[in-house]
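Below you'll find the structure, written out as structure tokens, and then a few comments.
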Amino acid sequence: MVHRPTITTLLLATAATLAACGGGSKVGNAAPRIESVPPQLVAGGTPLSLDVADYVTDREGATLAYTVTSGGGSFTGSVYTNTFDTIGSYDVEFSVTDGAKTNAGTFAVKVTSANLVAVREDDQGLMLLDSATNAFVRVAASVSQPRVDATLSDSRVVYHTTSGPSRLWLFDTFSRRNTELGADETNPAYANHTSDNKVLFTAGATNARKLFLHNPVTNTTRVLAENLLSTNTVLVNSADLVFYEVAVGGQADVYAYDPAEDETFAVATAATDEQLEATLPNGGIVISRVSATGPHDLFYYKVSTGLVEIGADVSALDSRDKVYAARGTNSHVVFMAQSGTTSDLCSWNPSTGDTTEISTLTGASGDWDEFAAIGAGNEVVFGRTDLVSTPSETDAFFYDLDTGTNATVRNGSDVSQVLGVSSDGTTAWAFVRPSGTTSSLLAVSLVASPSTQTWAAGGAVETTIGTLANGDVVGQRTDGTALNVFDVSVGTWGSAITGTGLAFGGDGLDAGDFVYSLTASSQTDLSMWDASGTTSVVLSNTAGNDAFQAKTADGTILFTRVVGTNTNTDLFVWDGSTETRLTNTDSGGLHHDHTVVGKFSATR
């Protein structure tokens, strides 16, 4: 007998099938869906703002809530914002919920630039401060006497430790990684670096050292040369050719390495000693060589030109010792040609091979002309002494390499001590301290008919000057009772700042501003000369001795202070109105001394 299903049984079976397939019932809630968020690029110190809603969907169209789970920052609605500490790669993790279900997402952020300040901590630590965010990155801790050798444009720092065996390190701010250079070598030492931040260093025994090239991108190191003298010089020209000295038979020859072609070639290999002197803006270099008859000669080398003797067109200089002095922005070489009691100043033009005898143009060839300074506009200032007739008198002259203009800077019956040259880009000024009137500081315009502007300080002035970024110059009395600034654009001295314990610090917030220290109530405070307001403003007069450290690229002032009963110096920053303490006790409750040892801008 066959049993047939009843209508009720069929209906129940159909309902069960539909329920199993979801038919005839409400669909369950789905979690928000997150698409891949592309990597984000942001400049250092700039807030990142990203609307994550562009990459999130919800099937039910529910109102969504966003939360940062790691990586810093916060959400306002669906918009994520954060200012990251400094240059580097960061991963941000976040969650999205519709109230019932949650999904997780992530995106990468690359901070591409930073203005960094190297800060030494006691004599055992090294840090980098991002001056836009005031955040620190630890480079090294508990090391022995860290010293910064170079700061590279891609955010890397070369430093070494000096106590015990010398060790050389390369720190990458982007990856926060230290790499030891020459770990298996003896006494590695930084030598130079190329424009693309390949690091050159030497290592090895005395007078048998090797030259290495380290590529931080590939993390590879190779030997470029061996048998370098301990006193070797390594130069890199504007075309990134690497020049170095190799010991041959107890004297040095000059070779070069071309990274682009990966080849080494000889530059100067005479039988006598040859030494590197300088690189020139046009890619040339200057080499000194002991001639066969004894005096030193100077040579110019450029790949397209070859080796050319400097000053060979003037036969009277053949028997003189040629001493490199300076280079102009036009690659002219300034040198002294010396013999006995005679030192003549000359310049040589690599474009024409012509030598200009500066001494004869200024009217007293045969005296002792000594290079003193060169300005940004190629104004060469020098002192002249008649060692036979008036050995206690030195006068000052100048010669402009570009225009051929020459004139007397100062002619007095004493020693005209040239302290430096500065300019606003239009008129250059030489700063002179006369030995007969040490209470005067002279500013002399380097033009055909010079004018002299005198600060009569009322007491002896220092033999060093402070030069600001805009070219203005600050002089000071040696007893610390007066400061004065010379405006190179206007061509005048200002009204002296007077007080006790006055000492120039460095550039202030705006062009022409400068920071100086002073003594008040038995402590050292800081003030800033405000050039636009022609007045001084207090930078810091809180209890504790202050010391200027640096002006940052972000327009703030860094200084240190001994706080309270501490004997250590903490680091502070001042933005023109508010000071912020950047360092305090460490995780162990210990205080440390802090000193700014360098600053640089980096891009990756």
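Angle between the Cα long axis of helix 7-21 and the longest principal axis of the chain, 0 to 90 degrees, nearest 10?
Helix 7-21 sits roughly 10 degrees off the main axis of the chain.
What number results when the radius of gyration of segment 528-577, computed over Cα atoms, is divided by 2.2 N^0.38 Å?
On the way: Rg = 12.0 Å, N = 50, 2.2 N^0.38 = 9.7 Å.
This ratio for segment 528-577 stands at 1.24.
If you wrap a convex hull around the alpha carbons of segment 32-111, what volume per residue comes out, as a whole number of Å³? Present the calculation step by step, with values, prior to reporting the outcome.
Numbers: hull volume 5.8 nm³, N = 80.
Value for segment 32-111: 73 Å³ per residue.
Any idea what diffusion coefficient segment 123-186 gets from Stokes-Einstein, in µm²/s, Kirkwood Rh on alpha carbon pairs, 20 °C, 1.002 mPa s? Show your work: numbers first, answer last.
Working: Rh = 12.2 Å.
Rounded, D is 175 µm²/s.
Between segment 294-322 and segment 473-508, how many Å separate their Cα centres?
One Cα centre to the other: 43 Å.
Is there a quick way to get the dipole size of segment 108-233? I mean about its Cα centre, with the Cβ of Lys and Arg at +1 and of Asp and Glu at -1; what is the value in debye to the nearest 20?
Numbers: 12 positive and 12 negative charges, 35 e Å.
Around 160 debye, computed over segment 108-233.
What value does segment 67-189 have for Rg/Rh, both radii from Cα atoms and Rh as Kirkwood defines it?
Numbers: Rg = 18.9 Å, Rh = 16.6 Å.
Across segment 67-189, the Cα-based Rg/Rh ratio is 1.14.
Just going by the charge dipole of the chain, with Lys and Arg at +1 and Asp and Glu at -1 on Cβ, which of Leu345, Ala520, Pro188 is farthest out on the positive end?
Result: Pro188.
Please state the Cα pair-distance histogram of segment 355-498 with 5 angstrom bins from zero: what percent is in each bin?
Result returned by the calculation: 2, 11, 21, 23, 20, 13, 8, 3, 1, 0.
Evaluate the relative contact order of the chain (contact order divided by residue number), counting alpha-carbon pairs under 8 angstrom at least 6 apart; express in whole percent. Mind dumping the intermediate values first?
Working: 1507 pairs, mean separation 44.0, N = 604.
About 7 percent, as a whole number.
Given the DSSP H assignment, sum -39500 (n - 2.57) over each helix run of at least 4 residues in the chain and divide by its residue total; what's the result at 222 nm in deg cm²/dmol, nearest 500? The partial results should precede the final answer.
Numbers: 2 runs with 19 residues, N = 604.
After summing the helix terms and dividing by residue count, I get -1000 deg cm²/dmol.
Percentage of Cα-Cα pair distances in segment 483-588 greater than 19 Å, rounded to whole percent?
Numbers: 2447 of 5565 pairs.
That fraction is 44 percent.
Please compute P(r) over all alpha-carbon pairs of segment 71-121, binned at 10 Å starting from zero, and give each bin as a whole-number percent.
P(r) for segment 71-121, in whole percents per bin: 19, 42, 24, 11, 4, 0.
Restricting things to alpha carbons, tell me how big segment 192-282 is in terms of Rg and Dmax, in Å.
12.7, 39
Any chance you could list P(r) for segment 256-358, counting all Cα-Cα pairs in 5 angstrom bins from zero, rounded to whole %?
Using 5 Å bins, I get a P(r) of 2, 13, 24, 25, 18, 10, 4, 2, 1, 0 for segment 256-358.
With the Cα gyration tensor of segment 328-419 in hand, give its eigenvalues times 5 under a square root as the equivalent ellipsoid semi-axes, listed largest first in whole angstrom. Can you show the working numbers first?
On the way: eigenvalues 100, 43, 19 Å².
Over the Cα atoms of segment 328-419, the ellipsoid semi-axes are 22, 15, 10 Å.
Just to be sure I understand: if I project the alpha-carbon convex hull of the chain onto a plane and average over all orientations, what area do I get in nm²? All intermediate terms of the calculation are to be shown ahead of the outcome.
Details: hull surface 176.6 nm².
Quarter of the Cα hull surface area: 44.2 nm².
Each reported figure results from applying straightforward, stated rules to the coordinates on display, with no laboratory input. This structure is a prediction, so every number in the text was calculated from the model and none was measured. Here Cβ is always computed from backbone atoms with ideal geometry, including for glycine, and neighbour counts include all displayed protein chains.
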